[in-house]
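Okay, so here's the structure we're looking at.
The values are calculated or read from the model by the stated rules, or taken from the named source; none is laboratory data. Just so we're clear, the structure is a prediction, and the values are computed from it rather than from any experiment. All Cβ positions, even for glycine, are placed from backbone atoms using ideal geometry, and neighbour counts span all protein chains on display. Surface accessibility is based on the protein's heavy atoms, side chains included, excluding ligands, DNA and RNA. Shrake-Rupley method; radii C 1.70, N 1.55, O 1.52, S 1.80 Å.
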Amino acid sequence: QVQLVESGGGLVQAGGSLRLSCAASGSIFSINTLAWYRQAPGRQRELVAAISSGGSTNYADSVKGRFTASRDNAKNTVYLQMNSLKPENTAVYYCNTDMGLRDNRWGQGTQVTVSS
């Protein structure tokens with residue numbers, strides 16, 4: 001069974017930084033590409049970043065140069081370091097596999113709010 005738990009969200013001023021964490025089961029962590037998604041009010045859920053089991057990454061154009069995905073094998077955890085945050089980055093952020101949109105099963109996510 002997939003077990004993914006997001007944390008690290010909060011309130012930050014524009015230009016600030018946050019680091020999100022996603023704790024994954026050992027099986028999911030070792031086998032799957034993991035990804036960060038977000039959903040802002042009134043908008044569709046969208047892919048933000050993905051990181052493979054080997055560490056290869058892909059990013060949405062809107063976050064390139066500001067967000068960095070990484071993984072810690074010892075902790076079975078993936079991270080999303082978010083720098084130079086903008087108000088338009090305000091959303092609930094979710095962790096899932098790269099098939100998350102197909103499976104449509106989601107945890108509670110973690111709220112990121114960026115004030116102007």
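General remarks:
- Some residue of segment 97-108 being surrounded by 20 or more Cβ atoms within 10 Å (Cβ to Cβ) and assigned to a strand (DSSP E or B): no
- Every residue from segment 17-52 that is surrounded by 15 or more Cβ atoms within 10 Å (Cβ to Cβ) and within 14 Å of residue 81 (Cβ to Cβ): 18, 20, 21, 22, 36, 48, 49, 51
- Being more than 12 Å from the chain's Cα centre (by Cα), within 20 Å of residue 7 (Cα to Cα) and of a type outside the set (S, T, N, Q) is a condition met by at least one residue of segment 48-67.
- Considering segment 63-95, and only residues there that are assigned to a strand (DSSP E or B) and among the small types (Gly, Ala, Ser), the residue that is surrounded by the fewest Cβ atoms within 10 Å (Cβ to Cβ) turns out to be 70.
- Test: residue in segment 2-16 that is open to solvent by 30 Å² or more (accessible area, probe 1.4 Å), outside any strand (DSSP E or B), modelled with pLDDT of 95 or more and more than 16 Å from residue 79 (Cβ to Cβ): yes
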